[in-house]
Amino acid sequence: MEHKAGFVNIIGNPNVGKSTLMNQLVGEKLSIITSKAQTTRHRIMGIMSGENFQIIYSDTPGIIKPHYKLHEKMLRFIDRALEDADILLYITDVKEKYDKHQDYINKIKKTDIPIILLVNKIDLTREGELESILSQWKKMLPAAHIIPISALKGYYLPEVFDKILELLPENPPYYPKDALTDKPERFFTSEIIREKIFLNFEKEVPYSTEVQIDEFKDTDQILNIRATIYVMRDSQKSILIGKKGEAIKNIGIQAREELEALYEKQVFLDLYVKVYKEWRDKDGFLKSLGYNP
Ligand code: GDP
Ligand code: MG
């Protein structure tokens with residue numbers, strides 16, 4: 001039988017459910033998810049293989065207006081995702097305004113990549129609401145295959161999978177069949193720590209934070225991880241550390257629990273907090289963190 005393989009790239013505005021969808025489709029938590037916009041900063045691949053197919057999903061940061069260099073690099077991940085896609089999964093949700101999409105829709109209309117338009121979060125709609133939303137989208141993107149879904153509840157995800165398989169080109173596999181992602185363990189480690197920061201703090205702190213893994217040492221009994229959390233100002237450092245170190249301790253506990261489950265091993269996690277002014281605009285630093293699309 002023929003073998004199908006290709007790149008299926010997930011794009012859309014912030015917070016519509018891109019990362020939730022990728023994790024559901026791959027069956028693993030590869031992308032961190034929070035209720036805050038711009039949680040995802042990199043392009044993260046999730047690979048799913050079967051006997052006769054290999055789907056390489058990539059989750060991207062949401063489409064945003066760039067305010068600093070980090071943003072520009074996040075946007076470049078999205079442009080890349082447009083260039084190498086065999087299929088585009090364009091996601092919106094039932095609450096989004098249509099005009100939030102116009103620029104990007106014009107852009108993807110020019111490509112001849114097949115587009116699957118997913119209208120997510122249908123669990124939040126009332127009876128009858130959905131039909132008008134779908135017909136509106138049909139007008140905006142007539143060439144797209146439109147599927148209403150709930151990534152969170154898993155509604156209509158088998159239909160999405162079938163459609164992808166149908167549209168996937170014939171190719172040999174690009175990655176070994178047991179590969180799950182292109183990212184190293186260190187990357188997921190820093191992402192888990194970053195997620196806890198997003199979940200525990202409000203306002204500008206999460207957006208001013210980056211996590212760097214300084215040591216990742218695996219011994220037979222224990223995994224030793226040392227990480228530095230970078231913030232932009234002294235005030236943010238105090239918030240992160242908290243009274244008597246309570247806040248950072250909680251971050252450490254939450255991250256460690258998840259890391260132990262992920263690596264199935266006892267983890268020793270050591271966290272430092274450092275101030276690095278304007279790190280979001282420092283090219284070399286961003287590069288060292290893997291922002292080199
Ligand atoms: P991204 O920014 O596009 O990657 O969006 P996320 O996957 O991080 O999800 C953003 C928020 O929307 C999170 O709070 C998710 O739990 C929530 N969410 C995602 N999919 C659904 C869905 O199908 N229904 C509902 N009600 N919420 C969802
Ligand atoms: Mg995301």
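The values are calculated or read from the model by the stated rules, or taken from the named source; none is laboratory data. Keep in mind that what you see is a predicted model, and the values were worked out from it rather than measured. FYI the Cβ positions are ideal-geometry reconstructions off the backbone, even for glycines, and counts take in every protein chain you see. Calculation scope for accessible area: heavy atoms of the full protein, side chains included, ligands and nucleic acids excluded. Shrake-Rupley method; radii C 1.70, N 1.55, O 1.52, S 1.80 Å.
Relative contact order for the chain: 19 percent, from Cα pairs under 8 Å spaced at least 6 residues apart, divided by residue count. For segment 170-257, a simple Cβ point-charge model (Lys and Arg +1, Asp and Glu -1, everything else neutral) yields a dipole of about 500 debye relative to the Cα centre. Note on the chain: Cα Rg divided by 2.2 N^0.38 Å, N the number of residues, gives 1.05. What a 1.4 Å probe finds exposed on segment 128-215 is 55% carbon and sulfur by accessible area, rounded to a whole percent. Protein-only accessible surface at a 1.4 angstrom probe places the residues His101, His145, His67 in the order His67, His145, His101, largest first. Which of the GluC sites (Glu not before Pro) found in segment 188-293 are in a DSSP loop and have at most 13 neighbouring Cβ atoms, other than their own, within 10 Å? Sparse-neighbourhood loop GluC sites (Glu not before Pro): Glu202, Glu264, Glu278. Given the pairs Lys29/Lys95; Lys36/Lys97; Lys69/Lys95, which are separated by over 21 angstrom at their Cα positions? Cα-Cα > 21 Å for Lys29/Lys95; Lys69/Lys95; rest within. Counting only DSSP beta bridges with both residues in the chain, the antiparallel share comes to about 35 percent. Our summary gives segment 4-167 a relative contact order of 23 percent, counting only alpha carbon pairs under 8 angstrom and 6 or more residues apart. Annotation for segment 177-236: trypsin sites (Lys or Arg not before Pro) lying in DSSP loop with at most 12 further Cβ atoms inside 10 Å of their Cβ are Lys177, Lys203. The order of Thr219, Thr92 by accessible area, most exposed first and with a 1.4 Å probe, is Thr219, Thr92.
In the full protein context, the chain carries 49 Å² of accessible surface per residue, based on a 1.4 Å probe and ignoring ligands, DNA and RNA. Only protein heavy atoms count here; on that basis, with a 1.4 Å probe, Lys277 has an accessible area of about 140 Å². Cβ-Cβ distance of Lys282 and Leu124, R₀ of 45 Å, FRET efficiency by 1/(1 + (r/R0)^6): the value works out to about 0.70. The spacing between segment 158-190 and segment 236-286, judged by their C-alpha centroids, is 30 Å. Relative to the longest principal axis of the Cα atoms of the chain, helix 69-83 runs at roughly 30 degrees.
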